[in-house]
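The structure appears right after this line, and notes come after that.
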Amino acid sequence: MVLCPVIGKLLHKRVVLASASPRRQEILSNAGLRFEVVPSRFKEKLDKASFATPYEYAMETAKQKALEVATRMHQKDLRTPDVVIGADTIVTVGGLILEKPVDKQDAYRMLSRLSGKEHSVFTGVAIVHCSSNDRQLHTRVSEFYEETTVKFSELSEELLWEYIHSGEPMDKAGGYGIQALGGMLVESVHGDFLNVVGFPLNHFCKQLVELYYPPRPEDLRQPVQHDCIPAVDTFEDLSDVEGGGSEPAQRETGSRDEKAEVGAAGQATAEAECHRTRATLPPFPTRLLELLDGFKLSKALLTACKLKVFDWLKREAPQKAPDIASKVDASACGTEKLLDVCAAMGLLEKTEQGYSNTETANLYLASDSEYSLHGFMLQNDDVIWNLFTYLEFAIREGRNQHHRVLGKKVEDLFQDAYYRSPETQLRFMQAMHGVAKLTARQVATAFDLSRFSSACDMGGCTGALARELAREYPRLQVTVFDLPDVVELAVHFQPAGPQAAQIHFAAGDFFRDPLPSAELYVLCRILHNWSDDKVHKLLSKVAESCKPGAGLLLVETLLDEEKREAQGGLIQSLNMLVQTEGRQRSRGEYQCLLELHGFHQVQVVHLEGVLDAMLATRVAP
Ligand SMILES: Cc1cn([C@@H]2O[C@H](COP(=O)(O)OP(=O)(O)OP(=O)(O)O)[C@@H](O)[C@H]2O)c(=O)[nH]c1=O
């Protein structure tokens with residue numbers, strides 16, 4: 001836990017402290033900052049006379065220390081840090097700048113100058129944000145300084161030498177360490193004590209606030225109070241995205257002149273930030289955080305399915321976490337966490353007696369249920385999840401990512417990816433079967449198809465839709481046309497029933513082989529798999545096989561013309577990108593395609609869920 005949550009803004013960054021000073025390391029790690037230490041090799045030899053003030057010298061030295069480390073790290077292994085912090089502490093007395101003594105005599109000269117007098121301790125700090133582009137290092141520097149005045153007692157010669165012989169003065173600016181034996185020399189301190197020790201922590205936190213929480217205009221108009229770090233609850237309510245992002249605001253001071261100009265405004269903004277009240281905070285980004293957590297919830301659901309948690313609970317309920325854990329061969333503590341999340345998602349019920357399936361889980365998640373989506377869940381977990389981890393590549397390259405997941409070239413989407421082994425094929429078919437069963441009734445009843453006596457379901461897989469068509473239209477003969485491997489396995493999915501006599505399976509490749517003749521062709525969630533070229537090829541084959549008056553039933557998730565819908569079609573669009581050669585299309589696009597191939601009188605019905613059905617009639621060419 002960090003007291004000052006603004007430090008948390010740096011927790012996920014690669015932060016480097018460009019200092020060998022053990023005091024700085026201690027101050028910053030005590031504050032909860034995580035960082036690597038890479039001492040700077042910058043020689044502290046800037047010409048002091050060229051600086052108008054001592055603090056400008058300290059800030060410039062701090063900056064040069066940090067930049068040296070940033071450049072070296074970037075060049076050395078191209079592992080550019082995100083943030084490099086440099087600092088330089090100096091003591092000034094009577095217009096003279098005192099740094100670390102070079103030897104005991106030097107320490108003596110310094111300490112005798114300080115004896116009985118007040119002096120200033122300045123620490124300059126540079127926060128350098130780094131990025132690299134085309135192997136070039138880019139830096140943005142934010143710098144500030146802090147001054148503390150310290151008054152020494154009169155020091156006797158004896159005391160002075162005793163202190164020098166202790167060895168303490170040698171690695172410290174001004175030749176003393178206020179935090180240790182040197183504290184005995186000090187009569188009073190005005191200002192930040194830690195600034196004297198080597199790092200002005202308070203000012204550093206304020207600077208981070210200024211960098212990471214840019215003010216809103218209304219804050220600047222409010223009366224401000226001086227000098228505070230925002231209260232903890234103020235930080236906690238600040239959105240990471242809306243005004244509180246993890247990237248620093250672009251207001252940093254690149255040069256000393258610039259800093260002088262914006263100094264007053266900068267101070268006002270930090271102060272204004274301090275006084276944000278709950279009433280003026282932006283709305284809490286609940287929805288955004290829910291979206292962020294979405295993938296974790298999905299993975300919990302998929303994992304529970306994979307472990308067959310819902311199967312065990314369908315068999316016997318309620319059960320306690322350790323009992324289920326032993327059945328699914330998992331740890332009791334992990335299982336309990338998973339079950340609790342499932343309960344929170346509404347998939348399980350949790351009582352004192354243990355966990356039970358909800359109706360949803362019994363209906364759709366147990367693998368033996370009639371409308372089970374268990375196979376679809378496994379397909380998502382084992383295949384689609386992996387493809388989505390390469391979404392960035394899919395977006396950049398504009399194509400599916402099977403080659404990355406499988407580690408080899410994929411020429412034929414089905415043969416090389418989905419059907420590459422009997423196991424992957426069966427899983428794919430189980431997934432399609434579950435989805436098809438769920439939607440088949442709606443598809444079969446979307447239009448009155450009673451005028452057709454024969455239908456061909458192209459890529460009809462396990463025949464789930466064929467069965468609903470046959471049930472709905474008892475005089476309809478349905479041919480399920482799919483690849484030979486699919487037809488071979490499809491028998492496992494066909495329960496005997498009154499419709500069996502109406503359904504036939506025909507093996508073939510709809511791109512290469514002649515199509516079975518039919519009065520109605522069905523393309524249910526087929527065209528979205530294919531490129532425009534292949535869609536044209538397929539539609540022209542269907543059109544050639546049709547007599548005038550024949551029908552084409554097309555089922556897809558239609559994109560709205562503006563492509564604005566948040567879910568459904570647009571997510572399916574991404575899904576098609578990472579998985580297939582095709583894409584989602586809009587109603588207008590499909591209408592054009594259909595008309596181009598001689599299908600007119602297009603009717604469209606939106607089905608419950610995400611699917612849309614289109615029925616078109618082949619006209620005489
Ligand atoms: C006045 C005072 C100073 N210091 C130390 O003096 C060094 C200043 O030298 P620097 O050049 O700023 O830093 P450094 O030690 O050389 O480290 P680096 O950043 O690598 O240059 C820092 O250590 C400080 O803590 C104390 O520990 N206590 C005190 O009361």
**OP:** Tell me which of these residue 583 doesn't satisfy, since it passes every other one: (1) closer than 27 Å to residue 394 by Cα; (2) assigned to a helix (DSSP H, G or I); (3) open to solvent by 30 Å² or more (accessible area, probe 1.4 Å).
**Re:** (2)
**OP:** Looking only at segment 440-450, decide whether some residue is surrounded by fewer than 19 Cβ atoms within 10 Å (Cβ to Cβ) and among the charged types (D, E, K, R).
**Re:** yes
**OP:** Only residues that are out of contact with any strand residue (DSSP E or B) (no Cβ under 9 Å at 6 or more places or on another chain) and either assigned to a helix (DSSP H, G or I) or surrounded by 14 or more Cβ atoms within 10 Å (Cβ to Cβ) (or both): list them for segment 520-531, please.
**Re:** 529, 530
**OP:** Could you look through segment 313-341, keep only residues that are free of Cβ contacts under 8 Å to residues at least 24 places away in the same chain and part of a loop (DSSP other than H, G, I, E, B), and pick out the one that is nearest to residue 357 (Cα to Cα)?
**Re:** 316
Subject >> For residue 365: the one exception among (1) within 26 Å of residue 428 (Cα to Cα); (2) open to solvent by less than 20 Å² (accessible area, probe 1.4 Å); (3) at pLDDT below 95 >> reply: (3)
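If you scan segment 112-129, which residues turn out to be in contact with a Phe, Trp or Tyr (Cβ under 7 Å, 6 or more places away or on another chain), without any contact (Cβ under 8 Å) to a residue 40 or more places away in the chain and within 15 Å of the ligand (Cβ to nearest atom)? Can you show your working first?
First pass over segment 112-129, keeping only residues in contact with a Phe, Trp or Tyr (Cβ under 7 Å, 6 or more places away or on another chain): 114-117, 122-125.
Right, trim to without any contact (Cβ under 8 Å) to a residue 40 or more places away in the chain and you get 116-117.
Listed by number, the list holds a single entry, 117.
Please state which one of 34, 41, 24 is in a helix (DSSP H, G or I) and farther than 23 Å from residue 96 by Cβ. Steps first, please.
Numbers: 34 fails: in a helix (DSSP H, G or I); 41 fails: in a helix (DSSP H, G or I).
Among 34, 41, 24, only 24 is in a helix (DSSP H, G or I) and farther than 23 Å from residue 96 by Cβ.
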**OP:** For segment 174-188, enumerate the residues that are within 12 Å of the ligand (Cβ to nearest atom) and in a strand (DSSP E or B).
**Re:** 186
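Kindly indicate which of 512, 451, 475 is in a loop (DSSP other than H, G, I, E, B), over 26 Å from residue 603 (Cα atoms) and out of contact with any helix residue (DSSP H, G or I) (no Cβ under 8 Å at 6 or more places or on another chain).
On the way: 451 fails: over 26 Å from residue 603 (Cα atoms); 475 fails: over 26 Å from residue 603 (Cα atoms).
One residue alone meets the criteria, 512.
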**OP:** Looking at (1) open to solvent by 40 Å² or more (accessible area, probe 1.4 Å); (2) of a type outside the set (Lys, Arg); (3) more than 23 Å from residue 528 (Cβ to Cβ), find the lone condition where residue 411 falls short.
**Re:** (3)
Original post:
What pairs come up if the first residue lies in segment 159-188 and is open to solvent by less than 30 Å² (accessible area, probe 1.4 Å), the second is polar (S, T, N, Q) and within 8 Å of the ligand (Cβ to nearest atom), and their beta carbons are under 7 Å apart, counting only those six or more places apart or on different chains?
Top reply: 173/89
**OP:** Could you please find all residues in segment 532-552 being surrounded by 13 or more Cβ atoms within 10 Å (Cβ to Cβ) and not in a helix (DSSP H, G or I)?
**Re:** 546, 550, 551, 552
Original post:
In segment 130-173, which residues are under 19 Å from residue 106 (Cα atoms), within 16 Å of the ligand (Cβ to nearest atom) and not in a helix (DSSP H, G or I)?
Top reply: 152, 155, 166, 167, 172
Original post:
Would you pick out the residues in segment 17-34 that are within 13 Å of the ligand (Cβ to nearest atom) and open to solvent by less than 50 Å² (accessible area, probe 1.4 Å)?
Top reply: 17, 18, 19, 21, 23, 24, 27, 28
Original post:
Only one of (1) assigned to a helix (DSSP H, G or I); (2) within 14 Å of the ligand (Cβ to nearest atom); (3) more than 26 Å from residue 165 (Cβ to Cβ) fails for residue 85. Which number is that?
Top reply: (1)
Original post:
What do you reckon, is residue 7 of a type in the set (Val, Ile, Thr), closer than 26 Å to residue 209 by Cβ and either in a loop (DSSP other than H, G, I, E, B) or within 13 Å of the ligand (Cβ to nearest atom) (or both)?
Top reply: no
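Within segment 59-67, does at least one residue satisfy the condition of being away from the ligand (no atom under 14 Å from the Cβ) and open to solvent by 10 Å² or more (accessible area, probe 1.4 Å)?
The answer is no, given that none of the residues of segment 59-67 is away from the ligand (no atom under 14 Å from the Cβ) and open to solvent by 10 Å² or more (accessible area, probe 1.4 Å).
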**OP:** Identify the residue in segment 478-509 that is polar (S, T, N, Q) and assigned to a loop (DSSP other than H, G, I, E, B) and, among all such residues, is nearest to the chain's Cα centre (by Cα).
**Re:** 494
Subject >> Matching option when the condition is crowded, with 19+ Cβ neighbours inside 10 Å, assigned to a helix (DSSP H, G or I) and modelled with pLDDT of 80 or more, among 310, 295 >> reply: 310
**OP:** Return yes or no: is residue 200 more than 10 Å from the ligand (Cβ to nearest atom), in contact with a helix residue (DSSP H, G or I) (Cβ under 9 Å, 6 or more places away or on another chain) and open to solvent by less than 10 Å² (accessible area, probe 1.4 Å)?
**Re:** yes
**OP:** Go through 37, 121, 91, 128 for me and flag whichever is in the same structural domain as residue 201 (by the TED database), open to solvent by less than 50 Å² (accessible area, probe 1.4 Å) and within 30 Å of the chain's Cα centre (by Cα).
**Re:** 128
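Hey, can you tell me all the residues within segment 131-147 that are open to solvent by less than 50 Å² (accessible area, probe 1.4 Å) and over 21 Å from residue 206 (Cα atoms)?
Going through segment 131-147, the residues open to solvent by less than 50 Å² (accessible area, probe 1.4 Å) turn out to be 137, 141-144, 146.
Within segment 131-147, 137 is the sole residue that qualifies.
The values are calculated or read from the model by the stated rules, or taken from the named source; none is laboratory data. Note that this is a predicted model, so its numbers are computed, not measured. Every residue, glycine as well, gets a Cβ built from its backbone with ideal geometry; the counts of neighbours run over all protein chains shown. Ligands, DNA and RNA are excluded from the accessible area calculation, which covers all protein heavy atoms including side chains. Shrake-Rupley method; radii C 1.70, N 1.55, O 1.52, S 1.80 Å.
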